[in-house]
Each structure stands twice: as C-alpha cells, then as structure tokens.
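Input: a single structure, listed below in structure tokens.
The values are calculated or read from the model by the stated rules, or taken from the named source; none is laboratory data. Computed from a predicted structure; not experimentally measured. Here the Cβ positions follow ideal geometry from the backbone for every residue, glycine too, while neighbour counts run over all protein chains shown. For the accessible areas, the whole protein counts, side chains as well, though only heavy atoms, and no ligand, DNA or RNA atoms are used. Shrake-Rupley method; radii C 1.70, N 1.55, O 1.52, S 1.80 Å.
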Amino acid sequence: MKFIVSSSELLKQLQALSGVINTNNTLPILNNFIFNLKEKQLTITASDLETTMIAHITVTSYQIGKIAVPARLMTDILKTFPEQPLTLSIQEEKNILKIVSEQGDYSIAVQNAEEFPQAPTLDTPSIVTLKSSILSEAIDKTLFATGTDELRPVMTGVFSELTPEGATFVGTDAHKLVKYVRKDIKAEQTARFIIPKKPLNLLKNILSSTGGTITIEYNETNTRFLFEDKILVCRLIDGTYPNYEAVIPKENNKKLIVNRISFLRSIKRLALFSNKTTHQVCLQLVGSELKIMAEDLDFANKAHEHLHCDHRGGDITIGFNSRFLIEMLSHLNAEDITLEMSESDRAGILKPVDGLEEGEEVFMLVMPIVVNT
C-alpha cells in the first residue's frame, strides 16, 4: 500500500470524520480510521457502532491495501504540516505506516483492519433528494430544541416525517418545541423516524460549508446521507415520538407582533437580572405596549423595559424562561415575529412574520413558568 496525498486535503477529511469517534470506545479498534486504498481512491471510515462516516479522496496511487490507523495521532501529526504532498506507505511485515514529508520521515504502528465493524447496509430503502441548504436549515431550526435526558431517548433526537405532501422536522425537550415544515420536499411514501443528535451535529458542521444536493436513504432501523465526497450512516432511535400536537393550544386570542432584534436584545439584557435558577422574565401586555420585567429577589436585582408592539386581544401577564426565548429568537431569521398566547398558564407560540421561503413554515412553542408574585 503506497500513495501520495495532499496534507491539507487529508487533514480536512480526517477532522470531519473525527467527530464520529468516541473518547471511550468499547472496542479499541474504533479508536482508528480505516484507510482503504483502491486504484486512485482512498476511502476513510470512522465509526462508533451507532454512526459511521465514510469519506473519499483522490490520490496518486501505486498499490492497494487496507489498514487501521490511530485516529488522534494521525490527525495531530497532520495539523503540524504546511500544505505539501505526503507519501504514505505500509511496511506490512512490521505493521508500520511510514509518512514521508518535506521535513522528515515518521513511522506509526497500525492494526489489521479486518476487525473493524462494517457499516450497516440498507436493503431496498426509501429515497428522497433535497438541497443541502434545506437539510442544514431543518437541523439548525430543530436540533437546539431536543432534550438531553437519556431516560427519554426519543426526545434526544429530531423527529422526521416525510410524506407525498411535504416534510416535517420536530425537536422538543418538553419545555420548548420547534416544528419545521417544508412543502417543497416530496417523498413517495409516508415515513416517520427519529434521527439521533450526534449524526445531526456532524451533518450540521459539514453542510454549513457545502452546497448542491443530498440524498437520504432510510428504512425502519437506519438512515444514510449521501453528499459530495462523504456518506454518513446512522442507526435510528427506536421508540414512539410523543404526540406533540396535543400540547399545542388551538385557540390563542392574544397576539403581539414585535421586532425580533429589539425583543431579543431586551430579553438578553433583562436575563442578567433574572433569578439564576428559573431565568424567568415576565411579559406584561397592556394596550399597545409590551413591558418586560425580571427580578432576582436573592440579590435584590431588578429591571424592566418597554417595547412598542402591535397587540391584539386582551391584556396578559406571563412568565417564560429567558434562555428558551433567546434560543428561539436567535434561530429565527425574520425581521418581525408574532407571539400568540391564550392564558398565563398556557404555552406561548412564536412564528416569523417574514423571511421564509416559499413552502417553508416555522413554528416554535415555549412553556410558561409561574410568575413571581
């Protein structure tokens, strides 16, 4: 096995794949990248058993072969090189990978790649193709709202529903909920599945710098994402997603329209004065004026601000967790947003007024907290 490759291109691919590898793997072989050289293509694989990512690099090749290379050591040494061609070769009798650079020679002990687990195959999967930017936006809008409680694993991922009418992505942790809808994505058959957080984070980082389209293949247990020079395969979360529609208030007779940036900046300022346990800010709607208040009785800190808004419906005083509002407002692109409410103990609903593409819908729900008296 021998090939010549760009140091920066190899490092770029390894850094993308390194996010798959856990710090504490149950199988030592999973601490390695698999290098598989065939003709002029180097295929690199990383896996944690649940998620597998594969990347392809075109190289100048002299031989073929397959080895397991220590992931951290390989990545760290590549970080020290300026852009240059590297020659990598295997001394099979010693299980040594030799790297030749402009600066010197380096030898790394490698392992037999046959112990490395194979990525799952998807037999006769359903397939949908969409723009990378659409999937990136769906992940960005919903991933932050997912839960972290491993006792409720279905809520740690993003629920995806693909139908002939469109696609729906939902993230919730029972305190906040985001529903992102694309009417311009069509699937031949209806499918519902829950994608884990880790592969979505990997996709989010990669898709932010790529364009073009991405193909999603899925069945009842796994899904596979194919884009540019990479493939990501992950096991889906097994379980039934909660009926999120049941918690959405259907009749909201109080509605305000306010500038998103002004509202966000006010919440950020007042959050500094809120209780450090509840992070509560209180919204008081009277006429066309929105009063935002925060108080921390433990330290005698207190603040309030006034914002002009377009208000329809009766007056209301309601409390929310400022961190949730900041997260939601930060993930919207609109100039103005609407906040719909019904009672002080019912959920508030955030929607963008503008900034949406055709066929795009964004719905955010935040549960209230008891107002300090």
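In the list 92, 9, 83, which residue meets the criterion of being among the acidic types (Asp, Glu), open to solvent by 80 Å² or more (accessible area, probe 1.4 Å) and modelled with pLDDT of 95 or more?
Values: 92 fails: modelled with pLDDT of 95 or more; 9 fails: open to solvent by 80 Å² or more (accessible area, probe 1.4 Å).
Answer to the check: 83.
For the range 163-174, name all the residues that are of a type in the set (A, V, I, L, M) and either open to solvent by 40 Å² or more (accessible area, probe 1.4 Å) or modelled with pLDDT under 95 (or both).
So the first thing to find is which residues in the range 163-174 are of a type in the set (A, V, I, L, M), and the list is 167, 170, 174.
174, the sole residue that qualifies.
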### Query
Does residue 289 meet the test of being out of contact with any Pro (no Cβ under 9 Å at 6 or more places or on another chain), of a type outside the set (Ser, Thr, Tyr), open to solvent by 40 Å² or more (accessible area, probe 1.4 Å) and within 17 Å of residue 259 (Cβ to Cβ)?
yes
#### Entry: Subset of the range 9-26 [farther than 14 Å from residue 51 by Cβ and of a type in the set (A, V, I, L, M)]
10, 11, 14
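Considering the range 238-260 alone, what residues qualify as being in a loop (DSSP other than H, G, I, E, B) and open to solvent by 30 Å² or more (accessible area, probe 1.4 Å)? Give the steps one after another, and end with the answer.
Pass one, the range 238-260, residues in a loop (DSSP other than H, G, I, E, B): 238-243, 248-253.
Matches in the range 238-260: 238, 239, 240, 242, 243, 250, 251, 252, 253.
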### Query
Given (1) part of a strand (DSSP E or B); (2) more than 19 Å from residue 351 (Cβ to Cβ); (3) touching a Phe, Trp or Tyr at 6+ places or on another chain (Cβ under 9 Å), where does residue 276 come up short, assuming only one miss?
(1)
#### Entry: Single condition residue 125 does not satisfy, out of (1) in contact (Cβ under 8 Å) with a residue 60 or more places away in the chain; (2) open to solvent by 20 Å² or more (accessible area, probe 1.4 Å); (3) in contact with a Lys or Arg (Cβ under 9 Å, 6 or more places away or on another chain); (4) under 23 Å from residue 327 (Cβ atoms)
(4)
### Task
Just name the residue that is most open to solvent (accessible area, probe 1.4 Å) out of those in the range 16-68 that are closer than 16 Å to residue 200 by Cα and assigned to a helix (DSSP H, G or I).
18
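Check whether at least one residue in the range 212-225 is under 19 Å from the mean Cα position of the chain (by Cα), of a type in the set (Val, Ile, Thr), surrounded by 14 or more Cβ atoms within 10 Å (Cβ to Cβ) and assigned to a loop (DSSP other than H, G, I, E, B), and report yes or no.
Quick first cut of the range 212-225, residues under 19 Å from the mean Cα position of the chain (by Cα) only: 212-218, 222-225.
From the residues that got through so far, the ones that are of a type in the set (Val, Ile, Thr) too are 213-216, 223.
Within this subset, residues satisfying the condition of being surrounded by 14 or more Cβ atoms within 10 Å (Cβ to Cβ) are 213-214, 216, 223.
Filter again for assigned to a loop (DSSP other than H, G, I, E, B), leaving none.
Within the range 212-225 (the criterion being under 19 Å from the mean Cα position of the chain (by Cα), of a type in the set (Val, Ile, Thr), surrounded by 14 or more Cβ atoms within 10 Å (Cβ to Cβ) and assigned to a loop (DSSP other than H, G, I, E, B)), the answer is no, since none of the residues qualifies.
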### Query
Filtering the range 354-373 down to residues that are of a type in the set (Val, Ile, Thr) and under 13 Å from residue 325 (Cα atoms), which residue is least open to solvent (accessible area, probe 1.4 Å)?
366
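Only one of 288, 266 is at pLDDT 95 or above and polar (S, T, N, Q). Can you tell me which? Spell out the reasoning first.
Numbers: 288 fails: at pLDDT 95 or above.
Being at pLDDT 95 or above and polar (S, T, N, Q) holds for just one of 288, 266, which is 266.
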## Note on the structure
Matching residues in the range 339-371 (assigned to a strand (DSSP E or B), out of contact with any helix residue (DSSP H, G or I) (no Cβ under 9 Å at 6 or more places or on another chain) and within 25 Å of residue 133 (Cα to Cα)) number 3
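Do any strands (runs of 3 or more DSSP E) entirely within the range 115-199 hold 3 or more residues that are over 30 Å from residue 67 (Cα atoms) and touching a helix residue (DSSP H, G or I) at 6+ places or on another chain (Cβ under 7 Å), and if so, which? If you could, list the steps in order and put the result at the bottom.
Values: elements: 126-131, 158-163, 166-172, 176-182, 191-195.
Ranges flagged: 166-172, 176-182.
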### Task
Could you tell me which numbered condition residue 107 fails, if it satisfies all but one of (1) closer than 14 Å to residue 33 by Cα; (2) in a strand (DSSP E or B); (3) open to solvent by 70 Å² or more (accessible area, probe 1.4 Å); (4) not basic (Lys, Arg)?
(1)
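Taking residue 350 as the residue in question, decide whether it is under 19 Å from residue 270 (Cβ atoms) and open to solvent by less than 30 Å² (accessible area, probe 1.4 Å).
Working: under 19 Å from residue 270 (Cβ atoms): yes; open to solvent by less than 30 Å² (accessible area, probe 1.4 Å): yes.
Judged against the criteria, residue 350 is a match.
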### Query
Of everything in the range 306-337 that's open to solvent by less than 40 Å² (accessible area, probe 1.4 Å) and more than 25 Å from the chain's Cα centre (by Cα), which residue is modelled with the lowest pLDDT?
314
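Can you go through 134, 139 and tell me which one is more than 18 Å from residue 330 (Cβ to Cβ), touching a residue at least 12 places away in the same chain (Cβ under 8 Å), of a type in the set (A, V, I, L, M, F, W, C) and open to solvent by less than 20 Å² (accessible area, probe 1.4 Å)?
134
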### Message
Every residue in the range 142-157 that is open to solvent by less than 20 Å² (accessible area, probe 1.4 Å) and not hydroxyl-bearing (Ser, Thr, Tyr), please.
### Response
143, 145, 147, 155, 157
